[in-house]
Amino acid sequence: KGHIETGEPCGDEKFHTSHMCKKVGYQTSWHNGWKDHMFIGRLTSAFIIENLLEAVEELFGTNANDNGNITASDLGDLSYEAEFVEPSISLDYLNYLHALKREDQARFHENAEETNIFEPENKFLKYPEFNHFQRSRGWCRTALLPSQARYDGVVTENNSTVTYLHGGRTDYKDEGETITKLSDPEPENDETQIHLAYNIKLNRNICEHAEIDFKDTFFVRAADKWMQTTVPNDSELAYFDKIDDPKGIIALCSLVMDWNRYPKDYVTIEEMVGLKEDAISDVDGDWGIIVNGKRANNLTSLDKENRCYALKHNFGEEGHYFPKADNGRYKVQFRVPRNDGNFYFSSIMVL
């Protein structure tokens, strides 16, 4: 790997990137250079664009209106029924494909047969709610970028609108707080919202041409004592449609650090619910994770790396279901069990 640019003259220029970025990470002998990636990307793009142009030319020739134009409404009738249509570049065939997709989605959601899309080690498979977990259209909120919900300000509820620029980039402006410059703690306020934070030394100290994927995090600080978040929030309710009525399964995914370089203050999900054997709590009063008044005291792993867990409030099969509030939402409260710790997590799901 990476040896395509080891010879002359490519090897001499492999890491010559300072004219674009003063600092670029991950430059090692076994990684492909940026010119190799650019060459492959351009070849792939040229092939796709050539086929797209041919398709558009054929589509214009068979489906244009009297003025020679195709309107947006012509590009797919979502009410079309799936009656077989011979393959062709035409609106009839496009509508047929749309109908097949809708029928396939409906069959998947209505079929009760379990289909394992996870690793065989997934402990969630043995529970009857696995089928719901796999098929339901639930709420998922993530701190990670890129994310359209983040770009549109849905997570923070600033409801911004972004414009696509190029290469996966938008004119999105950073939200959240630098993890080293958080707002002052509010230990007496049990309604304090969890922080949306990023570490500028790790994932913002790079020029805009080099990276767009950032491991931002939801951050529960020990100094704030009890913090909370509610899923869904008002913006999520307005932004998303076709969401199934949740049954109360709550899942959390931890923030994964590169090369397992976790900071000393890192508190795991297991520790948050009291399952870490060698953990010792030194805080005054109660701590943990509480969902609509129900305390989580157990977990079920969703992947073999134990990065994501479904919360449980008891040890029976019904333990995965947390009660819904009168307004149909789920208030999740957090308090870190040790004064020198903080809880980092990337995503929360309600299904």
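The values are calculated or read from the model by the stated rules, or taken from the named source; none is laboratory data. Please read all numbers here as calculations on a predicted model, not as lab measurements. Note that each Cβ is placed from the backbone with ideal geometry, even for glycine, and that neighbours are counted across all protein chains shown. Side chains are part of the model used for accessible areas, which takes the heavy atoms of the whole protein and leaves out ligands, DNA and RNA. Shrake-Rupley method; radii C 1.70, N 1.55, O 1.52, S 1.80 Å.
In region 260-271, the residues that are over 12 Å from residue 309 (Cβ atoms) form Cβ pairs under 6 Å with partners that are open to solvent by less than 30 Å² (accessible area, probe 1.4 Å), at six or more places apart or across chains, as follows: 265/341; 265/342; 267/336; 267/341; 267/343.
Within region 250-267, can you find the residues that are farther than 12 Å from residue 329 by Cα and among the aliphatic types (A, V, I, L, M)?
Passing the criteria: 251, 252, 255, 256, 257, 267.
Only a single item in (1) at pLDDT 75 or above; (2) within 29 Å of the chain's Cα centre (by Cα); (3) open to solvent by 60 Å² or more (accessible area, probe 1.4 Å); (4) more than 30 Å from residue 90 (Cβ to Cβ) is not met by residue 34, and it is number (1).
Residue-wise test of (1) aromatic (Phe, Trp, Tyr); (2) farther than 30 Å from residue 32 by Cα; (3) out of contact with any helix residue (DSSP H, G or I) (no Cβ under 7 Å at 6 or more places or on another chain); (4) part of a strand (DSSP E or B).
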{"site": "190", "(1), (2), (3), (4)": "no, yes, yes, no"}
{"site": "197", "(1), (2), (3), (4)": "no, yes, yes, yes"}
{"site": "206", "(1), (2), (3), (4)": "no, no, yes, no"}
{"site": "220", "(1), (2), (3), (4)": "no, yes, yes, yes"}
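Here residue 252 passes the criteria (1) under 19 Å from the mean Cα position of the chain (by Cα); (2) exposed (fewer than 15 other Cβ atoms within 10 Å of the Cβ) except the one numbered (2). The set of residues in region 330-349 being crowded, with 19+ Cβ neighbours inside 10 Å and among the basic types (Lys, Arg) consists of 335 alone.
Within region 289-315, residues that are free of Cβ contacts under 8 Å to residues at least 40 places away in the same chain and open to solvent by 10 Å² or more (accessible area, probe 1.4 Å) have Cβ atoms under 8 Å from residues that are part of a strand (DSSP E or B) and among the hydrophobic types (A, V, I, L, M, F, W, C) in these pairs: 295/289; 298/311; 299/310; 299/311; 313/291, counting only partners at least 6 apart in sequence or on another chain. Picking from residues in region 212-229 that are open to solvent by 40 Å² or more (accessible area, probe 1.4 Å) and under 17 Å from the mean Cα position of the chain (by Cα), the one that is modelled with the highest pLDDT is 215. Against the conditions (1) surrounded by 15 or more Cβ atoms within 10 Å (Cβ to Cβ); (2) assigned to a loop (DSSP other than H, G, I, E, B); (3) without any contact (Cβ under 8 Å) to a residue 60 or more places away in the chain, residue 246 satisfies every one except (3).
Evaluation of residue 301 against the conditions (1) of a type outside the set (Lys, Arg); (2) within 17 Å of residue 140 (Cβ to Cβ); (3) in contact with a strand residue (DSSP E or B) (Cβ under 9 Å, 6 or more places away or on another chain) shows that the sole unmet condition is (2).
Taking first residues from region 86-100 that are closer than 17 Å to residue 54 by Cβ and partners that are modelled with pLDDT under 85 and among the small types (Gly, Ala, Ser), the Cβ contacts under 6 Å between residues at least 6 apart in sequence or on separate chains come to 89/55; 94/76. For region 25-47, the count of residues that are in contact (Cβ under 8 Å) with a residue 40 or more places away in the chain, β-branched (Val, Ile, Thr) and closer than 20 Å to residue 213 by Cα is zero. Yes or no: residue 279 modelled with pLDDT of 85 or more and among the hydrophobic types (A, V, I, L, M, F, W, C)? It is false that residue 279 is modelled with pLDDT of 85 or more and among the hydrophobic types (A, V, I, L, M, F, W, C).
Residue 208 meets the conditions (1) surrounded by fewer than 20 Cβ atoms within 10 Å (Cβ to Cβ); (2) touching a Ser or Thr at 6+ places or on another chain (Cβ under 7 Å) in every case but one. The failed one is (2).
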